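Worksheet: one structure, shown below.
The values are calculated or read from the model by the stated rules, or taken from the named source; none is laboratory data. This structure is a prediction, so every number in the text was calculated from the model and none was measured. For neighbour counting, all protein chains shown are included, and Cβ atoms are generated from backbone atoms with ideal geometry for every residue, glycine included. Accessible surface is based on the protein model in full, side chains and every heavy atom, while ligands, DNA and RNA are left aside. Shrake-Rupley method; radii C 1.70, N 1.55, O 1.52, S 1.80 Å.
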Amino acid sequence: QVQLVEYGGGLVQPGGSLRLSCAASGRLFRSYLMGWYRQSPGKQRELVARISSGDNTNYADSVKGRFTLSRENAKSTVWLQMNNLKPEDTAVYYCNLWQIGRDYWGQGTQVTVSS
C-alpha cells in the first residue's frame, strides 16, 4: 500500500505564488510517476503536471511557464511551485502516484486564487 501526504495550498491573490508538496510512503517500486491533478466544481479532474523517476516532466498547457514540478527520489517527495496564479487555477489539487498500473491519491488540498 502507498500513502500520500500533501502540504500547502490556501488563499492567494491573482499573480501570487504557492508551493505544494507531496510525500509518498509505503511500498514504492524503483520506477513510478508522481504529480498533481486538480478538480474544480462541475469539472472533471485534470492533469496539472507529472514527473517520472528519470525527471521527465509534462505539464498541462494551461500551466506551462507558470508551474514547475520537481522531485527528490531519496525522499519520495514532489514539489509544485505555482507562480503567477490566476483565478482559473482555483481548484482542489490532488497528489497522484502511479506504479505498476495502479493510481494512488492524496486527500486533496484547496487552492483559491481570489482578490
Residue pairs qualifying under the 6 Å Cβ cut-off, at least six apart or on distinct chains, with the first in the range 68-82 being outside any loop (DSSP other than H, G, I, E, B) and the second being open to solvent by less than 50 Å² (accessible area, probe 1.4 Å) and among the basic types (Lys, Arg), are Val78/Arg71
Reported set for the range 31-49 where residues are under 23 Å from Gly10 (Cβ atoms) and either in a loop (DSSP other than H, G, I, E, B) or touching a residue at least 40 places away in the same chain (Cβ under 8 Å) (or both) is Met34, Gly35, Trp36, Tyr37, Arg38, Gln39, Ser40, Pro41, Gly42, Lys43, Arg45, Val48
- request: State yes or no: is Gly42 modelled with pLDDT of 95 or more and on the phi > 0 side of the Ramachandran plot?
  value: no
Restricted to the range 37-47 and to residues being within 15 Å of Leu97 (Cα to Cα) and touching an Asp or Glu at 6+ places or on another chain (Cβ under 9 Å), the residue most open to solvent (accessible area, probe 1.4 Å) is Tyr37
The number of residues in the range 8-30 that are open to solvent by 40 Å² or more (accessible area, probe 1.4 Å), within 18 Å of Asn73 (Cβ to Cβ) and either in a strand (DSSP E or B) or among the hydroxyl-bearing types (Ser, Thr, Tyr) (or both) is 2
**OP:** Please work out if Ile51 is surrounded by 15 or more Cβ atoms within 10 Å (Cβ to Cβ) and farther than 14 Å from Val5 by Cα.
**Re:** yes
